[in-house]
Amino acid sequence: MTTVARLGLGGVLIAAGGLKIGNPTESVVAVKAYQLLPESLATAVGYALPIVEIIIGILLVIGLMTRVAAVVAGLLMLAFVFGIAWAWARGYRIDCGCFGGGGELKAGQQPTYLVDILRDFGLVLLGVWTAWFPPGRFALDGALGLHNDKEND
């Protein structure tokens, strides 16, 4: 089960980062749309986020530093849940920017906050599961002797 959770969470992070990394200005626009961070910090986060998502995703997929990567991924997803809930509570009409794009919605488009929150909360749970249990089969942590507990693989 942990292998599935690790691969699922890692795959989502790689996909999300990969879709954003080619157009980092869109990522900056998405982060700024939440109006949570000061302008300069929002810009830095917007540029860094795709890179962080890809790195954490790769660590999860290959199973290296699995628990640390899972905690970081879970906290990242929790931050996304908070941000989306913040935008919803404030009445902002934005695209979450989770898989590219982001910013203000066009006329006639509706936000999908509940779906986005449920998806990201599910990913938080995958992060918790992966951090709590051994890294699973095919994880480099086991092959390198960084983790030797074989139960719950």
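Numbers for the structure displayed
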read-out	value
Candidates T43, T3 - the one that is open to solvent by 10 Å² or more (accessible area, probe 1.4 Å) and touching a Lys or Arg at 6+ places or on another chain (Cβ under 6 Å)	T3
Subset of region 123-153 that is surrounded by fewer than 15 Cβ atoms within 10 Å (Cβ to Cβ) and at pLDDT 90 or above - its residue that is nearest to V12 (Cα to Cα)	L125
Region 85-103, residues that are within 15 Å of the chain's Cα centre (by Cα) and either open to solvent by 60 Å² or more (accessible area, probe 1.4 Å) or at negative phi (or both)	C96, C98, F99
Some residue of region 14-28 being part of a helix (DSSP H, G or I), modelled with pLDDT of 95 or more, within 17 Å of L140 (Cβ to Cβ) and of a type in the set (A, V, I, L, M, F, W, C)	yes
Filter pass, L118 being open to solvent by 70 Å² or more (accessible area, probe 1.4 Å) and either under 24 Å from A70 (Cα atoms) or modelled with pLDDT under 90 (or both)	yes
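The values are calculated or read from the model by the stated rules, or taken from the named source; none is laboratory data. Bear in mind that the values here come from a model prediction, so they are computed numbers and not experimental data. Here the Cβ is made from the backbone with ideal geometry for all residues, glycine too, and neighbour counts use every protein chain on show. The accessibility values were calculated without ligands, DNA or RNA, using every heavy atom of the protein model including side chains. Shrake-Rupley method; radii C 1.70, N 1.55, O 1.52, S 1.80 Å.
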